[in-house]
Every structure is written in C-alpha cells, then in structure tokens.
Amino acid sequence: MIDPAMIVNCTVYKKGKKLRDISLDEISDVLEEEGTFVWLGLLEPNVELMNKIKEEFCLHELAVEDAYAAHQRPKIEEYGDTLFVVLHTAQLAGGEVLFGETHILTGPRFVVTVRHGASRSYAKVREHCEMLPERLMRGPSFVLYSIMDFVVDNYRPIMDDLETKFSQYEEQLFNPGALSGKAYLQELYQLKRQLIRLRSAATPLLDVCTQLLRFHEGLITKEGKAYFRDIYDHVVRFIDTGDRLREMVESAVQINLAQVTIHQNEIVQTLAGWGAILAIPTMIFSLYGMNFAHMPGLSWQWSFPLVLGGIITACTLLWRRLRKAGWL
C-alpha cells in the first residue's frame, strides 16, 4: 500500500516554469510531452511505491533497489541515461549532529529524490529553483546542482558549531577546575568522531563532482559545469577546514594526556617527599623498639627530648629542602 505521506511533491515543469502538480499515474503521460520534465520528491518510500516509480520512469531495477535501500555510501552510478547519486546529509538537532541520506535518480526528463533518515526538506530548494526560470530551463541538471549545493551548504553550520565547541574546550584546557581529564577526553573524542563522519560524507562528493564535470555531457550542459565546479571548491574548503580542526583536536588530546601525566608525577613526587620525611622517625623509632638489654642513652633523663628534637630538626630541614625543590 502506498502511503500519500511518502510522496512529498510531484511537479511537472516546462521551459523553466512550473505547470502543475501531478499524480504518479500521470508521470508517463507527461513525459511524452515535448520539453517537459518531472521533479518527484519521496520520503522513505516502501517497495510498492518504488515499483510504481520504476514503471513510470522506466528505471533500471538495480537503481531502484539501491534507491530504496538506506545505508548507501556517497557515490554516483550510471544506468543507461539515468544517473544515481547518493548524498549523505547532516543537520544539527539539540546540539547533536544527525546524519541521513538523499538518493537522487535523474535523467534527461526527470529528477527523483528519495530521502532517508535525518534530512531537511527540499521545499526551499524547489522554491529557489522556481524563482530562477532562466536557470531551471536547463532541466534536471540544475535541479541536481541545487540539491547538491543545498546539502553541502548545510555542512557549513555544523562545522561552525564544532569549531565553537572546540574553542570552548580549548579555553578550558589549562583550567584545572573546568572539566576532569576523563570528561574532557570524552568530549574531544565525540568531537573528533563527528568530524570523521562529516569528512566521510563530504569527501566522496569530490569524485561525484569530478565525474559530472568530465562525463555525462548528455545531462550536464557546458554552462552547467561551472556550477558543479563551485560545489567542488566548497567541498575542498570544507574538508580542509575539517582536517585542520581534527588536527587541533588531536593536539588537544595529547596536551590533555600530558597534563594528566604531569599531574600524576606531581602527586608521586609529593608522596615520595612525605615518605622520605616519615622515614626519619620510622627508622629511629624502630631502632629504639628493638629488645636489646643495653642501649646507649636509655638511662639518661634527657635522651628522649634530645632524640625527639633531633627527629623534628631533621624532618624540618628535609621538608624545607624538598619544598624548595618543588616536591612539596
């Protein structure tokens, strides 16, 4: 059974202008009209809906199977005159980065977007395209560019948020009372993990853009290639920013571990210093605790004050020496 909620929008365009919204059954008939193309948006469709799309657009069964299945890697594949593009989307929600997928099936006369998981609506992309009829006249290639550009642009706020978080952690790096070492490392690990996932989502887009620039001239016009070069440049800058931030995160982790080690060494030094101080009375009292019949000074009335004064003096001198050396 096909749930209407799975069909976000199904619109036919001609000469850069929207004609009307159509039903799924009208798609094959509309495609027979000269100069038209269809833009269909789907949200987590089921098997019945994908089979219907396959019939209406005459799609390859492997392309439909991949578009239906989530957890695809970012890629571009060619099935005859149809391109299958997978994009990983990302968005901020409650301070967390949520990832999703958008699968795009595009040909000379149609664009089908299939959204899985966390993904923003492409309603704004559609509105933007409809406001530029002179560019929308290029057909599916401009729609493909607009969607890819929208996905890449949504990476930027996430990177800005991660940079802000790292700046806050960096300020706390030399503040002993801000975060414990363990908590600090957990925060940095989560930050690094999100950076790696963002890089995994963005890096394959370089290959996608390269293929769109070099091949598929039947779908991508010469004028349209400039737009995909722009996406390529944005992705390169995004990856460079992410790599620099990840290096800084790794450096912060190493600094934090070094601080923990230094703090542990300071504790060991302090314990060793007090241990040395306590060794003096321990050694002397252990000697006097031995059961010898004849020990010098036992019968002298000033022996106890003298020994006690000597212990205090020796301990005080050693304490001052260790404190001056920075052990206490």
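The values are calculated or read from the model by the stated rules, or taken from the named source; none is laboratory data. All values reported here derive from a predicted model rather than from experimental measurement. So basically every Cβ, Gly included, is an ideal-geometry build from the backbone, and we count neighbours across all protein chains shown. Remember, those area values only see protein heavy atoms, side chains included, never the ligands or the DNA or RNA. Shrake-Rupley method; radii C 1.70, N 1.55, O 1.52, S 1.80 Å.
If you stretched the chain out fully between GLU44 and LEU318, how much longer would it get, using 0.36 nm times the residue separation minus the C-alpha to C-alpha distance? Intermediate results must be reported in sequence, preceding the final value.
Details: separation 274, 0.36 × 274 = 98.64 nm, distance 7.49 nm.
Length gained between GLU44 and LEU318: 91.1 nm.
Any idea how far apart GLU163 and THR36 come out in nm if each label point goes 7 Å out from Cα toward Cβ?
The modelled label-to-label distance comes out at 4.7 nm.
Given the peptides 156-168, 313-325, 51-63, 81-93, arrange them by the average over their residues of other C-beta atoms within 10 Å, most packed first. Don't skip to the answer; put the middle values down first.
Numbers: 156-168: 15.2, 313-325: 12.9, 51-63: 17.2, 81-93: 19.3.
Averaged packing, sorted descending, gives the order 81-93, 51-63, 156-168, 313-325.
Round to a whole number: what % of the accessible area of the range 2-257 belongs to carbon and sulfur, probe 1.4 Å? Let's see the in-between values first.
Values: 6230 of 12550 Å².
Whole-percent figure for carbon plus sulfur exposure: 50.
If a helix is a whole DSSP H run, which ones in the chain reach 27 Å or further along their own axis (Cα) and hold a mean Kyte-Doolittle hydropathy of at least -0.5? Working shown, then result.
Values: long enough: 140-172 (49 Å, -0.37); 181-202 (31 Å, -0.46); 225-288 (94 Å, 0.27); 303-324 (31 Å, 0.75).
Qualifying helices: 140-172, 181-202, 225-288, 303-324.
Rank-order 105-112, 37-44 by packing density, defined as the average count of other C-beta atoms within 10 Å over each peptide's residues, highest first.
On the way: 105-112: 22.5, 37-44: 20.8.
Per-residue mean Cβ counts within 10 Å order the peptides as 105-112, 37-44.
What number comes out for accessible area per residue over the chain if the probe is 1.4 Å? Units Å², please. Could the numbers behind the result be given before it?
Details: 18460 Å² over 328 residues.
For the chain, the per-residue accessible area is 56 Å².
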